[in-house]
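Below is one structure, written out as structure tokens, with a few remarks after it.
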Amino acid sequence: MTRAPTRNPSRLDGLCDFTGPCTTRWVVAGVAAGAGLALAALPSAMPALSLSLSGPQPKAWWYLARASGLVAYALLSASMLLGLLLSTRLAKQWPGNASAFALHEHTSLLGLASGLFHSLVLLGDRHTPFTIAQVLLPFCAVYRPFAVGLGQLAVYGMTLVAATFYVRRHIGRRAWRLIHFGSFAVFALALLHGLGASSDRTVMVAGIAPAVLILFFGIYRTLAHLAGGASPEVQAR
């Protein structure tokens, strides 16, 4: 009798299951945490929020754009770090190759969603009005067009990289990895966008910190690969 082939748990094919129990637990935990924070913060924020929404030049849109941009950058940074973690032996020990890849994929998609929201919410800003064409076309914005254009290119790049999660089996592993290397360019564009479009020095410092980590781990993994130090898990994928 021929034994049925067993599935290699280290392989990454077929891990994009958004309905699995692990994903469900993460989603439920995130929703519960968000609801708890909202219930704790809304009572004190309601007067200021009401004034911001009812004023002649409501600032709520600006706050939403700023917050969603920071969230998108944080998720993109986390996705980059998790992607670099996948090429190390540490990923096998914690949280495991499959879990690390799932987190890498989900943070990428959530970062893209936040980036799209960050772009579209600008349509409601009355202080610096954006048209749909200015939101969609790079370097056409009325506010700091070059810096905003870099962010627009970053969103398009994030869309391309995220789309490869769904077509990996069709384009092949080599093309998938090659496109994923483009995420470094996407991260650089997002960082330059934040530095150029923001006037808040605190935000700038917070943006540089994860960039230093990503640069460090990127150089480390590149040197390790050139020295023949790629882990067996990486070579098996």
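Listed by position, the helices (runs of 4 or more DSSP H) enclosed by the range 53-170 that each have at least 1 residues that are surrounded by 15 or more Cβ atoms within 10 Å (Cβ to Cβ), modelled with pLDDT under 90 and not β-branched (Val, Ile, Thr) are 60-85, 90-93, 97-120.
For every residue, the table says whether it meets (1) among the aliphatic types (A, V, I, L, M); (2) within 25 Å of Ala60 (Cβ to Cβ).
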| residue | (1), (2) |
| --- | --- |
| Leu122 | yes, yes |
| Pro129 | no, yes |
| Ala133 | yes, yes |
| Arg144 | no, yes |
| Val167 | yes, no |
| Leu195 | yes, yes |
| Val212 | yes, no |
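Which ones in the range 198-217 are modelled with pLDDT under 80 and either among the hydrophobic types (A, V, I, L, M, F, W, C) or surrounded by 13 or more Cβ atoms within 10 Å (Cβ to Cβ) (or both)? Ser198, Val203, Met204, Val205, Ala206, Gly207 - these are the residues of the range 198-217 that are modelled with pLDDT under 80 and either among the hydrophobic types (A, V, I, L, M, F, W, C) or surrounded by 13 or more Cβ atoms within 10 Å (Cβ to Cβ) (or both).
The values are calculated or read from the model by the stated rules, or taken from the named source; none is laboratory data. Just so we're clear, the structure is a prediction, and the values are computed from it rather than from any experiment. Positions of Cβ are generated from backbone atoms using ideal geometry, with glycine treated the same way; all protein chains shown enter the neighbour counts.
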